[in-house]
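Notes follow the structure.
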Amino acid sequence: MKGHMGKILRLDLTNLNTKEINTSEYEEFVGGHGLGSAIFFDAVKDKTISAFHPDNVITMMTSPLCGTLAPATGRIELNGISPQPYPTEWYSRSNFGGRFSAMLKYAGYDGIVIEGKADKPTWINIVNEDVEFKDAESLWGLDAWETQEEIWTDVSGNSTSVDEREWYQTERGRDEGRTTQKPAVATIGAAGENKTRSGAIIHDAGNGAGNAAFGSVWGSKNLKAISVLGTKSVEVANPSALLKSREWAEDNYNNQESDPKPNWGSGVGAFGGVPGAEGFGNIAEEQVRPQGCVSCHRCTRKRTESGHGNESGCVDFLFYDVHDEQKHGGPTKETAKAGDLSQRYGINVYFLEEGINYLKHLHERGILGEGKEIEASLPWDELGNASFAKELIYKVSNKEGIGEDLAMGLPRAAKKWGRLEQDLNSGLLGLQYWGYPQHYDARTEVEWGYGSILGERDINEHDFNWVVYWQVSLAKLFGRNPPVKAEKLAKIIKDKTIPYNAVPNYSNEGIYSKNMAKLVAWHRHYTRFWKQSLQYCDWAYADFLNPYGPETRGITPEGETRFFNAVTGKDISFKEGMEIGRKIWNLDRSIWALQGRHRDQEEFAGYTYDVASWGPEISPHANYEVPYYMPVKEDGEWKYKNVASRSLDKEKFNEWKTKFYELEGWNTETGRPKRETLENLGLGKVADELEQKNKIE
Amino acid sequence: MLEKDKKKEKDFNLSKPSEEQAKKILSEVGYGDKIAGVRMHAMAGNTKEPLGSLREVDNFLKAKAPGKLIKGQTSSVNYIDPNALSSWIKEVLGDSELAKKIEKNIDKEDDYRKQAKTIRKLIEKRIKQSRELISEN
Amino acid sequence: MVNRRDFLKGIAGGAGAAVAGFALGSLTDTIEKAEGRSFEEIKTMVETPPSEAYLLVDREKCAGCRSCMLACSLAHEGKENLSLSRIQVFEDPLAGFPDDLVQEQCRQCQYPECVAACPTGALSVDEVNGNVRLVDEEKCIGCQRCIEACDQINNPARAAWNHEDEYSLKCDLCIDTPHWEENGGPDGKQACVEICPVNAIKTTDQIPVQIGQKGYKVNLRGKNWEKLGFPSE
């Protein structure tokens, strides 16, 4: 398929040798997650091994779109067994943006498969077809930014400053190709080196794959970094169609600087938006620029005058800004500096966000501290300054003091302290699904929670989130009308969720309906293919409502197919893409079944059923609900309604699960895929392995 | 001053507290008596922050002033339920007058941005008043 | 041919008394550290008719997404390759704004060393198409003298080597874009300008100041940019 480079690189760290896979062998899985799951399935014979077992395999897969002008396709997908989920270390996923994905393709590869374990610290240098295993003794212990600077200089033989810009690789001869680009380096910091359960993989200043702790798996394999530099071309089937589609998308679905339109009260939105909307930067009154991954049309991140907070966004600074604000009366550079530390140490910021809140509760309750039930020495007076973040991050990353427990991750630490069950039941510890911090609430915005518990992690997919919750709730809070009426939103979503055509009914009945099963199935299949396999970015797709779009309609599903077909020369419909997504989702589901997944495990943390609203009950005055307006259909009428203060009914949720399994063609007793379902998807081989392991009925 | 403005000004009038009241108004309350603030964020979801003093409440509301959001440059709102706040001020800080003023004023506003602005104006006034009183004596 | 007066106009940039007045005083200041050639060097060179359009970039506006490079490579070569782009974006992700990024585009020099260095006439001034300096791929013999010549005055060279199809490539302002259905050239559209999502590239028909960077690296930020919270000064 055009867009593919044709080869996938296998790195055997145990024997320090490389092999190649022809991408065409796995072409039906197209790219990213699909390729990763298919290769993982074949490469890891025993799926029940632990994340840190040398036989665990981490795949890093691009897509046919990466490195092309298809908008917002600058990410790379990572798969493997993750040390983060609780209680089982599920096969999981994560991804990161920047330049790495594009550069890997320019080096000639569609992906990398990391296998085995090196006997000493190692980094990999890839320059086109030259792949070298290098000694990383001198890099081990350096932080993620220092490591990259060392490697940039090593590979380019040049200063890293843009003032000394040059064409590199001239010594390789002119026919090899030259580049002005720095090598793209993915690396780990101390949190990964020391095998905490929160180690991220970091690239450039602020790209990270954090929420699966694959950085720690790298650490367990003695893999410090992978550097790629390439000068090859990505073949595009229909270049003029790609250029035309890109212009069409920018003209019709994105903000125009010359004619800015109201942004619906939010810097976010899906495909269309203003540059720099989401990065840290001018909240601390600094001069900044917007910054984007390769091919981005939105460029939502920032770089700052001081360099603090460069490229960081979202939770990279939100894990600390509240504490900074409380300390200083407003956001300061301390938040950005804390964000920098998370990048340098390569530590998952979702862990830090929930971790700091939880530790603070325990500290204020007199449970955690010096000489307390949970012994911990942390500089609480410094909370809000970067120095507190540094102390905590350092301790966790190096497993010192309280960090030794915290390095196991929050659920395992709380379990050791004998607090897990009670704190999950009260909601004091907000880990809603598989030990992951509650991101969006399963009680109100069910598609987020359901998707997470049916999967293996916090889904972190905002497809519905913007339009069903955020834009609506914000408008309501501020006394404005939501962008469109509930009925119109429902119609748009119904039109665009091909082929299930689900409606966003979040009423008390709607959340347990067959329609909601269709909506969640659409979401699982859509993200597995269009986003996680093609690497369409979560900050741009799916695009249901768009302030700039024709009649406020978003680019989905037309955009996704148009760019894909232009690059690959295929002529697939959106529905056909959804079917590939369903196949990949079933493959993942089979891997989890082999790891021991059963429907009985698919239950939320206790507070989800027992505590209304967002808990916990800190004090009587903390027990109120934040407005959560969502579309509902009641008595035949669509409207937006505040659904806060709702808890899930466990019995009804389990009835809903049965509906979902039926829809997916899974056994309703066990939640495992049926042979027939797998065979119809061309996954007969997978069914055989399930049968062999007694995981099929 | 216009009649309308005079009336408006009156809505924000707060009588001088006693020294004892002022101390309580400025105090930091214990864990079990805290009020919660909710940091709402478009991408990160909602997180809760226990707040133990009027100063912390003011900081919290000030930090993510909802007005900023309209520019499309930030997507966070710091939210405190106005009714929960007034009952906390009354029951925990013992300041019924401030609580009543907040209740009265927020009733007139139909959106949270305006409510938060009104609340801050009253709280800041009370903090200033109480601080002056304590430093005088 | 360009006369002496036009030449001075060219190195000063644009037209009009205000700019001309700025020219010499400011030039002597910049000669020492300037990229490109000195005033003295330029005086000895062969004059060619000035290009009728120039690409300008804004280093403080660029968002580093490389979309311009992808568009350039795609429109001209029909494939995606940063090494085949005529415009290049350099980044140091760890540095502070604005020193973290710089774009380098072909300057369509008024006194083009690349043209002078080409032994076959492959690199020439296209008088039919607005005097754009461009490569005739058929005539290019791959001696790379154009690249070396450009490298002497520009950091780095704006002419580059297409290592896959073996010819020199340089910016033609999109006169010859077989893979893009738009009319390019000085009077037409340029793929990088059209695709840039933040409007950090534009063309001008005014000859930019030839010495140093200032003529080509300009401020393309306006009121609407400032409204988004970015610096416009």
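The values are calculated or read from the model by the stated rules, or taken from the named source; none is laboratory data. Everything numeric in this text was worked out from a predicted model, so none of it was measured. Glycine gets a Cβ as well: all are built from the backbone with ideal geometry, and neighbour counts include every protein chain shown.
Listed here are the residues, each with its yes/no results for (1) among the aliphatic types (A, V, I, L, M); (2) touching a Leu at 6+ places or on another chain (Cβ under 8 Å).
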| site | (1), (2) |
| --- | --- |
| C:His163 | no, no |
| C:Cys174 | no, no |
| C:Gly185 | no, yes |
| C:Gln190 | no, yes |
| C:Lys202 | no, yes |
| C:Val218 | yes, yes |
| C:Arg221 | no, no |
| C:Ser232 | no, no |
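For A:Arg75, all conditions in the list (1) within 30 Å of A:Ala237 (Cα to Cα); (2) surrounded by fewer than 22 Cβ atoms within 10 Å (Cβ to Cβ) hold save one; what is the number of the exception?
The number of the failed condition is (2).
If the Cβ limit is 6 Å and pairs must be 6+ apart or interchain, which residue in the stretch B:22-48 that is within 11 Å of another protein chain (Cβ to nearest Cβ) and among the hydroxyl-bearing types (Ser, Thr, Tyr) pairs with which residue that is in a loop (DSSP other than H, G, I, E, B) and surrounded by fewer than 18 Cβ atoms within 10 Å (Cβ to Cβ)?
B:Tyr31/A:Arg365
Does A:Glu305 count as surrounded by fewer than 24 Cβ atoms within 10 Å (Cβ to Cβ), touching a strand residue (DSSP E or B) at 6+ places or on another chain (Cβ under 6 Å) and in the same structural domain as A:Gly346 (by TED's automatic domain parsing)?
So A:Glu305 fails the test.
Which fully enclosed helices (runs of 4 or more DSSP H) of the stretch A:386-502 have 3 or more residues being in contact with a Ser or Thr (Cβ under 7 Å, 6 or more places away or on another chain) and surrounded by 24 or more Cβ atoms within 10 Å (Cβ to Cβ)?
A:386-397
Consider A:Lys232 carefully, then state whether it is within 12 Å of chain C (Cβ to nearest Cβ) and in a helix (DSSP H, G or I).
In short, no.
So is A:Trp434 at negative phi and either among the aromatic types (Phe, Trp, Tyr) or in contact with a strand residue (DSSP E or B) (Cβ under 8 Å, 6 or more places away or on another chain) (or both) or not?
In short, no.
Would you tally the residues in the stretch C:204-229 being of a type outside the set (A, V, I, L, M, F, W, C), in contact (Cβ under 8 Å) with a residue 12 or more places away in the chain, closer than 12 Å to C:Lys61 by Cβ and not in a loop (DSSP other than H, G, I, E, B)?
Residues that pass the stated criteria total 1.
Could you look through the stretch C:96-114, keep only residues that are among the hydrophobic types (A, V, I, L, M, F, W, C) and out of contact with any Phe, Trp or Tyr (no Cβ under 8 Å at 6 or more places or on another chain), and pick out the one that is farthest from the other protein chains (Cβ to nearest Cβ)?
Only one residue tops the list, namely C:Cys109.
State which residue is surrounded by the most Cβ atoms within 10 Å (Cβ to Cβ) when the search covers only the stretch A:111-145 and only residues that are in contact (Cβ under 8 Å) with a residue 60 or more places away in the chain and within 14 Å of chain C (Cβ to nearest Cβ).
Filtering the stretch A:111-145 for residues that are in contact (Cβ under 8 Å) with a residue 60 or more places away in the chain and within 14 Å of chain C (Cβ to nearest Cβ), the one surrounded by the most Cβ atoms within 10 Å (Cβ to Cβ) comes out as A:Ala144.
For every residue, the table says whether it meets (1) of a type outside the set (Gly, Ala, Ser); (2) at pLDDT 95 or above; (3) surrounded by fewer than 23 Cβ atoms within 10 Å (Cβ to Cβ); (4) not assigned by TED's automatic domain parsing to the domain that holds A:Thr658.
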residue: A:Ser573; (1), (2), (3), (4): no, yes, yes, no
residue: A:Gly581; (1), (2), (3), (4): no, yes, no, no
residue: A:Glu603; (1), (2), (3), (4): yes, yes, yes, no
residue: A:Val611; (1), (2), (3), (4): yes, no, yes, no
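Taking A:Ala270 as meeting all but one of (1) buried (at least 23 other Cβ atoms within 10 Å of the Cβ); (2) hydrophobic (A, V, I, L, M, F, W, C); (3) closer than 29 Å to C:Ser83 by Cα; (4) outside the structural domain of A:Phe52 (by TED's automatic domain parsing), write down the number of the exception.
Evaluating A:Ala270 over (1) buried (at least 23 other Cβ atoms within 10 Å of the Cβ); (2) hydrophobic (A, V, I, L, M, F, W, C); (3) closer than 29 Å to C:Ser83 by Cα; (4) outside the structural domain of A:Phe52 (by TED's automatic domain parsing) leaves (3) as the failure.
Has the stretch C:127-139 got at least one residue that is under 30 Å from A:Glu305 (Cβ atoms) and either away from every other protein chain (no Cβ under 13 Å) or surrounded by fewer than 24 Cβ atoms within 10 Å (Cβ to Cβ) (or both)?
no
Could you identify the single residue in A:Lys488, A:Lys514 that is among the basic types (Lys, Arg) and either in contact with an Asp or Glu (Cβ under 8 Å, 6 or more places away or on another chain) or free of Cβ contacts under 8 Å to residues at least 60 places away in the same chain (or both)?
Just a single option satisfies the conditions, and that option is A:Lys488.
Output the residues belonging to the stretch C:76-95 that are in contact with a Gly (Cβ under 7 Å, 6 or more places away or on another chain) and more than 7 Å from chain A (Cβ to nearest Cβ).
Scanning the stretch C:76-95 gives a single hit, C:Val89.
Please report, ordered by residue number, the helices (runs of 4 or more DSSP H) entirely within the stretch A:306-366 with at least 2 residues that are within 11 Å of another protein chain (Cβ to nearest Cβ) and among the acidic types (Asp, Glu).
Output list reads A:321-328, A:349-364.
Any idea which of (1) touching a residue at least 60 places away in the same chain (Cβ under 8 Å); (2) polar (S, T, N, Q); (3) surrounded by fewer than 20 Cβ atoms within 10 Å (Cβ to Cβ) is the one C:Gln88 doesn't satisfy?
With respect to (1) touching a residue at least 60 places away in the same chain (Cβ under 8 Å); (2) polar (S, T, N, Q); (3) surrounded by fewer than 20 Cβ atoms within 10 Å (Cβ to Cβ), C:Gln88 is out only on (3).
Out of B:Met1, B:Met40, report the one residue that is of a type in the set (A, V, I, L, M), under 18 Å from the mean Cα position of the chain (by Cα) and at pLDDT below 90.
Every option except B:Met40 fails the conditions.
Using the structure shown, decide if A:Gln326 is modelled with pLDDT of 95 or more and over 30 Å from C:Glu194 (Cα atoms).
So A:Gln326 does not fit the description; no.
In the stretch B:83-129, how many are assigned to a helix (DSSP H, G or I) and under 17 Å from A:Ser619 (Cβ atoms)?
Residues meeting the conditions: 10.
Please specify each residue of the stretch A:516-549 satisfying the condition of being among the small types (Gly, Ala, Ser) and either under 18 Å from the mean Cα position of the chain (by Cα) or not in a helix (DSSP H, G or I) (or both).
Residues satisfying the conditions are A:Ser533, A:Ala540, A:Ala542, A:Gly549.
Counting only residues that are modelled with pLDDT of 95 or more, surrounded by 24 or more Cβ atoms within 10 Å (Cβ to Cβ) and β-branched (Val, Ile, Thr), how many does the stretch A:329-381 have?
Residues that pass the stated criteria total 2.
Restricting the search to the stretch A:66-89, which residues are within 14 Å of chain C (Cβ to nearest Cβ), over 15 Å from the mean Cα position of the chain (by Cα) and over 17 Å from A:Asp110 (Cα atoms)?
Within the stretch A:66-89, A:Pro71 is the sole residue that qualifies.
Conditions: (1) in contact with a helix residue (DSSP H, G or I) (Cβ under 8 Å, 6 or more places away or on another chain); (2) of a type in the set (Asp, Glu); (3) touching a residue at least 60 places away in the same chain (Cβ under 8 Å). C:Glu182 meets all but one. Number of the miss?
Condition not satisfied by C:Glu182: (3).
On the basis of being in contact with an Asp or Glu (Cβ under 8 Å, 6 or more places away or on another chain), of a type in the set (D, E, K, R) and within 14 Å of chain B (Cβ to nearest Cβ), does A:Glu625 make the cut?
Against the criterion (in contact with an Asp or Glu (Cβ under 8 Å, 6 or more places away or on another chain), of a type in the set (D, E, K, R) and within 14 Å of chain B (Cβ to nearest Cβ)), A:Glu625 qualifies.
Mind checking whether some residue in the stretch A:615-630 is assigned to a loop (DSSP other than H, G, I, E, B), farther than 27 Å from A:Asp423 by Cα, in contact (Cβ under 8 Å) with a residue 12 or more places away in the chain and not basic (Lys, Arg)?
No - not one qualifying residue is present in the stretch A:615-630.
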